[in-house]
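Here is the structure we will look at.
The values are calculated or read from the model by the stated rules, or taken from the named source; none is laboratory data. As the structure is a computational prediction, the values presented were derived from the model and not from experiment. Quick reminder, even Gly has a Cβ in these numbers, built from the backbone with ideal geometry, and neighbours come from all protein chains shown.
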2 protein chains.
Amino acid sequence: MENALSQNIGFMPYLVAGSQILGIAVLAITGAWLSQYRGGFSWSGPLQFNVHPLCMVLGMVFLCGEALLVYRVFRHETKRATKILHGVLHVMALVISLVGIIAVFQFHKANGYADMYSLHSWCGITTFSLYILQWIIGFLLFFVPGVAYTYRSRFKPLHEFFGRALFLSSIATSLLGLTEKMFSDYSQRPAEGVLVNTLGVLLVVFGAVIAYILTREEWRRPPLPEEQALSMDFKTLTEGDSPTDQ
Amino acid sequence: MENALSQNIGFMPYLVAGSQILGIAVLAITGAWLSQYRGGFSWSGPLQFNVHPLCMVLGMVFLCGEALLVYRVFRHETKRATKILHGVLHVMALVISLVGIIAVFQFHKANGYADMYSLHSWCGITTFSLYILQWIIGFLLFFVPGVAYTYRSRFKPLHEFFGRALFLSSIATSLLGLTEKMFSDYSQRPAEGVLVNTLGVLLVVFGAVIAYILTREEWRRPPLPEEQALSMDFKTLTEGDSPTDQ
């Protein structure tokens, strides 16, 4: 059975490795850009702004991407352990992106800048609000014990769709943020422009690779042998859906 | 069999209707924005720029979105007719977006503006180049007669993934274009800003609704009874994949 599982996933390991290289490259370039061209990081003063892009890319893009991959990558761990890892990554993503959002609002306030006028801000606040909603519903349905398996398996496809949609929407919002930050002297900063555009393209490729991995249905984590047996028992007991159907 | 098909697709008709209302709203708001706030359209002079956003939203977003839905919406037409409609929509999308790209390069040249410095231009040219590549490969594989069904069914999932990825990437590129156009006096144009941000959010929702319809595997167009019979014959003859497997 172990062998059959390993054979089934084809070139997925290479794509996962590629996604990790892309993710680390995205974080490194974001850090390098903000340090080299924008003066680095500080919680007070004019450098507070720079905390925003760093935290959002780390939280809403990198960590959310990692959380989406967890069930594809950890195929031989128990479902419980994999689910806890998924949750821990999303706790980190939530806290870090909240810090990033507080940073930009505090920075705007300190400098008397207008809030929420741009498409970036609209997309960002919508994505983050829906992410919190997804977080609450996901927690109640999949972490709180005692929720019927039929409810879980009915809502799982929606949870997956919204998770992926919010991840892609976070990437699109990042691209808008990069564009906004580069105006209005974009064409007069060619070196920084090339760095930022490269970052944008790498963000898109990171999103595309992860989206591709997730669309391959046959790369889903199959239930472990012991979960399968358990699933049978429950099925017989409840005549409902399988607890290992994830 | 007809009834079974109709029952199977659940609330898909409402989502399709919603996508059409969103698509028409997006086109109407794009036209209204460029007419009311940006002086309208003309092929020569300063208004040539405005041809660009209109053509790109019509070609790369609206018509490509329609082309993606064709196999879900036309469930009782022959596969051949559905495929021709998919092709015709993509011919229109290609020609119209080519006009839009020519418009912006001619406008830049006439005014001595720099080309290709922004993330919007990088994402746009990458998306359009990959769209042409997808077009050529799709034409050779699925329209030229005589290609083995095994090749077609092997490449179909990749064709579908790249089609969806390029559609979503076109939407992200549109949002970047809207942001770019609004700088650098974005916060000083509150009324136009709200209109453009609304357009951006509707573009995202249009993309999300179509993406959702396409991710529901059970909403795929099933083979018609006569295609199914044909498929059986071919399967027996070739021991390969089914010609109706789409």
#### Entry: segment B:59-72, residues that are hydrophobic (A, V, I, L, M, F, W, C) and either more than 12 Å from B:L214 (Cα to Cα) or over 15 Å from the mean Cα position of the chain (by Cα) (or both)
B:M60, B:V61, B:F62, B:L63, B:C64
### Task
Just give me the residues in segment A:42-51 being closer than 24 Å to A:Q188 by Cα and touching a helix residue (DSSP H, G or I) at 6+ places or on another chain (Cβ under 8 Å), in sequence order.
A:P46, A:F49, A:N50
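Quick grid of which residues meet (1) surrounded by 20 or more Cβ atoms within 10 Å (Cβ to Cβ); (2) facing another protein chain (nearest Cβ under 10 Å):
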residue: B:Y149; (1), (2): no, no
residue: B:H159; (1), (2): no, no
residue: B:A165; (1), (2): yes, yes
residue: B:F183; (1), (2): no, yes
residue: B:L195; (1), (2): no, no
residue: B:V201; (1), (2): no, yes
residue: B:F206; (1), (2): yes, no
residue: B:T215; (1), (2): no, yes
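For B:R75, indicate whether it is of a type outside the set (V, I, T), in a helix (DSSP H, G or I) and modelled with pLDDT under 95.
No, not satisfied.
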### Message
If a residue must be over 19 Å from A:V205 (Cβ atoms) and out of contact with any helix residue (DSSP H, G or I) (no Cβ under 9 Å at 6 or more places or on another chain), how many such residues does segment B:112-144 contain?
### Response
4
#### Entry: Residue check for A:R164: basic (K, R) and more than 15 Å from the chain's Cα centre (by Cα)
no
### Message
Among the numbered criteria (1) within 23 Å of A:G65 (Cβ to Cβ); (2) more than 9 Å from every other protein chain (Cβ to nearest Cβ), which one does A:S153 miss?
### Response
(1)
### Query
Name the residues in segment B:161-194 that are over 12 Å from A:L175 (Cβ atoms), β-branched (V, I, T) and touching a residue at least 60 places away in the same chain (Cβ under 8 Å), would you?
none
### Message
Between a residue in segment B:21-44 that is part of a helix (DSSP H, G or I) and any residue that is charged (D, E, K, R), which pairs come within a Cβ distance under 8 Å, given they are 6 or more apart or on different chains?
### Response
B:G23/B:E66; B:W33/B:E192
### Message
Going through A:A25, A:A32, A:A93 one at a time, which residue ends up being surrounded by fewer than 14 Cβ atoms within 10 Å (Cβ to Cβ) and either within 29 Å of A:L224 (Cα to Cα) or at pLDDT 95 or above (or both)?
### Response
A:A32
### Message
Which count do you get for residues in segment A:114-147 that are surrounded by 14 or more Cβ atoms within 10 Å (Cβ to Cβ) and in a helix (DSSP H, G or I)?
### Response
18
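Kindly indicate whether A:S170 is within 22 Å of A:A211 (Cα to Cα), within 15 Å of the chain's Cα centre (by Cα) and not aliphatic (A, V, I, L, M).
On the way: within 22 Å of A:A211 (Cα to Cα): yes; within 15 Å of the chain's Cα centre (by Cα): yes; not aliphatic (A, V, I, L, M): yes.
Judged against the criteria, A:S170 is a match.
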### Summary
All conditions in (1) away from chain B (no Cβ under 14 Å); (2) at pLDDT below 95 are true of A:Q188 except (1)
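If you take the residues of segment A:96-106 that are more than 12 Å from A:L63 (Cβ to Cβ) and without any contact (Cβ under 8 Å) to a residue 60 or more places away in the chain, which of them is surrounded by the most Cβ atoms within 10 Å (Cβ to Cβ)? Lay out the reasoning, then the answer.
Filtering segment A:96-106 for residues more than 12 Å from A:L63 (Cβ to Cβ) gives A:98-99, A:101-106.
Next, from what is left, pick out any that are without any contact (Cβ under 8 Å) to a residue 60 or more places away in the chain: A:98-99, A:101-102, A:104-106.
Numbers: A:L98: 14, A:V99: 17, A:I101: 17, A:I102: 15, A:V104: 22, A:F105: 13, A:Q106: 16.
Ranking the candidates gives A:V104 first.
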### Query
Since A:A211 meets every condition but one in (1) under 20 Å from B:T179 (Cβ atoms); (2) in contact (Cβ under 8 Å) with a residue 40 or more places away in the chain, which condition does it not meet?
(1)
